[in-house]
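Asks: Can you read through this structure? Questions will come right after.
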Amino acid sequence: MEKVIREKRSTPFFKRKLEPIEVKTPKKISELLSEMAKTGFQGRKLGEVVDVWEEMLKDDVVIFFGYAGSMSTTGQWKIINWLIERRFIDVIVSTGANISEDILEAMGGTYWQGHHLVDDYALFQHKIDRFYDVFADEYEYRQMERLIADFMRRVDPGRKYSSAEFLYLFGRELSRLGIKSIVATAYENNVPVFCPAIVDSGYGVAYLLNRRFVEGFDITIDQMRDFEQMVEIKGRAKNTGVIYIGGGVPKDFIQLTAVSVSLTGIKSEEECAHKYAIQITTDAPHWGGLSGCTFEEAVSWGKESREGRNVQCYCDATIALPLVVHALAERVERRVNIPDLSWVFSSVE
């Protein structure tokens with residue numbers, strides 16, 4: 001049968017053919033994501049996220065990982081452990097929620113599938129906390145906070161810790177106890193974990209419990225030292241890549257390292273921009289917030305490189321992250337160039 005369309009027009013805008021997805025079984029997740037990268041819309045972007053992350057792993061870069069929101073309550077925290085153990089990420093910047101609420105489950109507690117349409121006052125009466133459609137036992141939550149409070153009482157009250165130093169020591173304690181949380185796994189693999197808003201979580205509650213009931217208790221976590229250490233990591237690195245799950249404070253904290261290194265004069269502005277950038281978010285850019293801010297906008301600040309490999313996928317991270325990481329597991333056997341960041345903890349060993 002003769003084809004109706006005989007010739008393809010020549011135009012500078014037709015550079016790469018879109019390829020429809022063929023349904024076949026069996027098919028690996030990595031194969032499906034590769035096929036999605038050749039389609040359109042957010043399916044294409046999800047496939048491109050895998051491609052760019054894989055490129056990072058084959059390059060000589062330090063990979064910063066921004067972990068926002070309350071993702072650990074949705075069953076994602078073991079994925080983060082897997083990424084740490086294989087050093088598919090090198091530096092974590094997290095909300096306090098993500099690195100405390102995983103501890104609840106690692107201690108033997110349970111999150112429960114619930115529903116978003118429920119009598120929340122009835123939950124309150126039963127001491128059940130709701131995260132959209134996930135339920136948590138308030139009594140188990142308090143046990144997690146008490147565990148943190150107990151550890152806080154054993155650190156040096158006369159020292160100013162960065163959050164990375166404090167969480168390194170806490171990770172060592174949790175590792176010793178067999179509580180395989182994110183910070184414990186990070187400790188075991190020399191991955192710094194920064195938490196620039198650590199008080200906005202169970203860590204803040206733990207601090208207040210000690211201040212209220214323990215005479216003479218004091219602890220200082222120096223957020224300025226956090227930023228100084230982050231900028232030093234960025235300044236020492238040949239190149240950097242960034243991965244953002246959500247946005248918020250973790251994203252801006254990492255983004256600002258590029259600007260700050262350039263201001264110190266260690267490198268030129270062009271050299272300071274992140275070479276690779278990935279974001280998975282549901283936030284839109286037209287509201288003006290950083291969480292939805294495009295990487296094109298970030299180029300104006302010198303945060304991302306104009307020639308870099310940048311991709312943003314507008315998708316729920318509970319959908320995107322498991323798919324992307326499983327695709328990486330199939331496509332990348334091991335990472336070769338793993339940066340040594342053990343120097344970050346040299347003063348607390």
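Asks: Scan region 69-107 residue by residue and report those that are among the small types (Gly, Ala, Ser) and more than 18 Å from THR318 (Cα to Cα). Talk me through it step by step, then tell me what you get.
Replies: To start, the set of residues in region 69-107 that are among the small types (Gly, Ala, Ser) comprises 69-70, 72, 75, 94, 96-97, 100, 106.
GLY96, SER100, ALA106, listed by residue number.
Asks: Follow-up question, since we're still on this one. Can you pull out the residues in region 207-244 that are surrounded by fewer than 17 Cβ atoms within 10 Å (Cβ to Cβ) and among the aromatic types (Phe, Trp, Tyr)?
Replies: Scanning region 207-244 gives PHE213, PHE217.
Asks: Also, quick follow-up: Kindly establish whether ARG309 is touching a residue at least 60 places away in the same chain (Cβ under 8 Å), assigned to a strand (DSSP E or B) and more than 14 Å from ILE245 (Cβ to Cβ).
Replies: Details: touching a residue at least 60 places away in the same chain (Cβ under 8 Å): yes; assigned to a strand (DSSP E or B): yes; more than 14 Å from ILE245 (Cβ to Cβ): yes.
Considered against the rule, which asks whether it is touching a residue at least 60 places away in the same chain (Cβ under 8 Å), assigned to a strand (DSSP E or B) and more than 14 Å from ILE245 (Cβ to Cβ), ARG309 comes out as yes.
Asks: Answer yes or no as to whether GLU188 is surrounded by fewer than 19 Cβ atoms within 10 Å (Cβ to Cβ), of a type in the set (D, E, K, R) and over 14 Å from VAL91 (Cβ atoms). It would help to see each step written out before you state the result.
Replies: Details: surrounded by fewer than 19 Cβ atoms within 10 Å (Cβ to Cβ): yes; of a type in the set (D, E, K, R): yes; over 14 Å from VAL91 (Cβ atoms): yes.
Criteria met by GLU188.
Asks: Condition first: polar (S, T, N, Q), surrounded by fewer than 19 Cβ atoms within 10 Å (Cβ to Cβ) and under 25 Å from THR318 (Cα atoms). Can you find one or more residues in region 276-283 that meet it? Quick ask: steps written out before the conclusion?
Replies: We begin by selecting, within region 276-283, every residue polar (S, T, N, Q); these are 279, 281-282.
Subsequent filtering for residues that are surrounded by fewer than 19 Cβ atoms within 10 Å (Cβ to Cβ) retains 282.
Filter again for under 25 Å from THR318 (Cα atoms), leaving 282.
Yes: one or more hits.
Asks: Please report, ordered by residue number, the helices (runs of 4 or more DSSP H) entirely within region 173-279 with at least 3 residues that are over 14 Å from the mean Cα position of the chain (by Cα) and without any contact (Cβ under 8 Å) to a residue 60 or more places away in the chain. It would help to see each step written out before you state the result.
Replies: Numbers: elements: 182-188, 202-213, 223-236, 248-264, 269-272.
Filter on region 173-279 gives 202-213, 223-236, 248-264, 269-272.
Asks: Among (1) outside any strand (DSSP E or B); (2) closer than 30 Å to HIS326 by Cβ, where does ARG130 come up short?
Replies: Single failed check for ARG130: (1).
Asks: Looking only at region 159-172, decide whether some residue is assigned to a loop (DSSP other than H, G, I, E, B), of a type outside the set (A, V, I, L, M), touching a Ser or Thr at 6+ places or on another chain (Cβ under 8 Å) and surrounded by fewer than 23 Cβ atoms within 10 Å (Cβ to Cβ). Please lay out each step first, then the result.
Replies: Within region 159-172, the subset assigned to a loop (DSSP other than H, G, I, E, B) is 159, 162.
In the following step, the residues that additionally are of a type outside the set (A, V, I, L, M) were identified as 159, 162.
Add one more test, that the residue is touching a Ser or Thr at 6+ places or on another chain (Cβ under 8 Å), and what stays is 159.
Now restrict to residues that are surrounded by fewer than 23 Cβ atoms within 10 Å (Cβ to Cβ): 159.
Yes, there is a match, as at least one residue in region 159-172 is assigned to a loop (DSSP other than H, G, I, E, B), of a type outside the set (A, V, I, L, M), touching a Ser or Thr at 6+ places or on another chain (Cβ under 8 Å) and surrounded by fewer than 23 Cβ atoms within 10 Å (Cβ to Cβ).
Asks: Follow-up. Quick one: would you say GLU145 is over 24 Å from GLU215 (Cα atoms), charged (D, E, K, R) and either modelled with pLDDT of 95 or more or assigned to a helix (DSSP H, G or I) (or both)?
Replies: On the way: over 24 Å from GLU215 (Cα atoms): no; charged (D, E, K, R): yes; either modelled with pLDDT of 95 or more or assigned to a helix (DSSP H, G or I) (or both): yes.
No; evaluated as a whole, the condition is false for this residue.
The values are calculated or read from the model by the stated rules, or taken from the named source; none is laboratory data. Note that the coordinates shown come from a computational prediction; the quantities given were computed from them, not determined experimentally. Neighbour counts run over all protein chains shown; Cβ positions are idealised from the backbone, glycine included.
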